[in-house]
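Undergrad: Take this structure first; my questions come after.
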Amino acid sequence: NEDQIGQAIQESQVDRQDLFLCSKVWTTTIEQGPQAIRDQLEQTLRDLQTSYLDLYCIHWPVPHKHVEAYQTLEKLHQEGKIKALGISNYAWEDYVELKSHIQIQPVINQIEINPFLYRPQTIHNFKKEGIVLQSYRSLRDGKAMQDSTLKEIASHYPGKTVAQLLGRWCVQHGFVYIPKSVKKERMMENAQVFDFDISTEDMKILDSLTTPETLQTFQALYQKCVNRDTSKDGTMDGVKTTITLG
């Protein structure tokens with residue numbers, strides 16, 4: 001939808017310097033190599049009607065390919081087409097593999113984070129490197145709104161919803177929280193997370209909701225997706241079988 005966003009930006013008449021535009025390079029393009037990555041970025045810039053992106057991310061750590069892809073982004077950064085570089089869905093072991101081959105540290109790692117998939121050791125490792133964590137699926141695609149524990153805790157904060165509780169949990173942990181919704185009223189609701197604090201006791205309960213089964217499900221999804229839409233789709237070719245889960 002980047003062409004639609006570009007048109008909306010033009011119609012809004014908001015100054016470019018007041019916007020923060022980011023995009024990602026997908027697995028298919030990562031596998032195809034540096035020229036394909038360049039071509040995709042150029043198309044993104046044309047569609048968004050801008051000369052640069054504020055942030056460009058590697059979408060998945062495609063085995064045997066993600067390091068070369070990131071190095072391509074470094075060159076595009078040097079050319080002024082990307083202001084900051086990021087990664088998405090990187091396990092700690094993927095970053096360790098990447099780190100020794102690059103000159104510019106990623107500013108962000110976009111991973112799924114919510115009370116049902118809370119991985120403190122992984123989060124600690126990236127924060128120690130100075131890499132910001134951005135949470136996606138913060139609201140679990142709406143699947144947690146009827147969870148009895150969340151509803152009980154939300155009731156401790158008059159006027160606050162389960163969605164706002166989940167958002168505030170992210171904010172208090174220091175994660176970049178960008179919830180997704182197509183409904184204006186939900187967008188407004190999701191943004192109202194800065195006028196209350198979750199108690200220490202309730203934070204501890206929320207932090208404890210991740211189960212071993214959830215972590216195993218996460219690992220299986222990770223192993224499936226790193227090769228998604230590539231010629232290795234459906235195989236374990238190059239996929240790390242052991243990653244930091246916690």
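Undergrad: Sort largest first and round to whole Å: the equivalent ellipsoid semi-axes of segment 62-151, each the square root of five times a Cα gyration tensor eigenvalue.
TA: Values: eigenvalues 179, 39, 26 Å².
In descending order, the three semi-axes are 30, 14, 11 Å.
Undergrad: A further question follows. Divide, for segment 130-240, the radius of gyration over alpha carbons by 2.2 N^0.38 Å, where N is the residue count. Walk me through the numbers on the way to the answer.
TA: Values: Rg = 16.6 Å, N = 111, 2.2 N^0.38 = 13.2 Å.
So the Cα radius of gyration is 1.26 times the expected 2.2 N^0.38 Å.
Undergrad: Quantify how much of the Cα-Cα distance distribution of segment 9-112 extends past 21 Å, in percent.
TA: On the way: 1644 of 5356 pairs.
The calculated P(r) of segment 9-112 puts 31 percent of pairs beyond 21 Å.
Undergrad: Over the residues of the chain, compute the C-alpha Rg and express it relative to 2.2 N^0.38 Å.
TA: Working: Rg = 19.0 Å, N = 246, 2.2 N^0.38 = 17.8 Å.
Cα Rg divided by the expected 2.2 N^0.38 Å: 1.07.
Undergrad: Along each of the three principal axes of the Cα atoms of segment 1-57, give the extent in whole Å, ordering the values from largest to smallest.
TA: Principal extents (largest minus smallest coordinate, Cα): 37, 17, 15 Å.
Undergrad: Next question, about the same structure. I want to check a number: in segment 9-115, how many lysine pairs have alpha carbons closer than 18 Å, given a sequence separation of 8 or more or different chains?
TA: Numbers: 24/65; 24/75; 24/81; 24/83; 65/75; 65/99; 75/83; 75/99.
Counting lysine pairs in segment 9-115 gives 8.
Undergrad: How fast does segment 203-246 diffuse by Stokes-Einstein, in µm²/s, taking the Kirkwood radius from C-alpha pairs at 10 °C and 1.306 mPa s?
TA: Numbers: Rh = 11.9 Å.
It comes out at roughly 133 µm²/s.
Undergrad: With Kirkwood's inverse mean 1/r over C-alpha pairs for Rh, give me the Rg to Rh ratio of segment 111-162, two decimals please. It would help to have the intermediate numbers written out before the result.
TA: Numbers: Rg = 13.5 Å, Rh = 12.5 Å.
So for segment 111-162, dividing Rg by the Kirkwood Rh gives 1.08.
Undergrad: Could you do me a favour and compute the accessible area per residue for segment 30-128, 1.4 Å probe, result in Å²? Spell out each step's value before the answer.
TA: Values: 3980 Å² over 99 residues.
Here the per-residue accessible area is 40 Å².
Undergrad: Here's something else I'd like to know. What figure in square angstrom, to the nearest 10, would you give for the accessible area of residue 47 with a 1.4 Å probe?
TA: 40 Å²
Undergrad: Oh, and also: Restricting attention to the alpha-carbon atoms of segment 77-126, what are Rg (one decimal) and Dmax (integer), both in Å?
TA: Calculated on Cα positions, Rg and Dmax stand at 12.7, 41 Å.
Undergrad: What fraction, in whole percent, of alpha-carbon pairs in segment 57-105 exceed 12 Å separation? Show your work: numbers first, answer last.
TA: Numbers: 685 of 1176 pairs.
Counting pairs separated by more than 12 Å, the tail of P(r) holds 58 percent.
Undergrad: What share of all Cα pairs of segment 159-210, in percent, falls into each consecutive 5 Å distance bin?
TA: 4, 20, 31, 24, 13, 6, 1
Undergrad: Tell me which lysines have Cα within less than 25 Å of residue 160's Cα, excluding those fewer than 8 residues away on the same chain?
TA: 143, 151, 180, 183, 184, 204
Undergrad: Quantify, in whole percent, the carbon and sulfur part of the accessible surface of segment 6-138 (1.4 Å probe; protein heavy atoms only).
TA: Numbers: 2850 of 5890 Å².
Ligands and nucleic acids excluded, carbon and sulfur give 48 percent.
The values are calculated or read from the model by the stated rules, or taken from the named source; none is laboratory data. Please read all numbers here as calculations on a predicted model, not as lab measurements. The accessibility values were calculated without ligands, DNA or RNA, using every heavy atom of the protein model including side chains. Shrake-Rupley method; radii C 1.70, N 1.55, O 1.52, S 1.80 Å.
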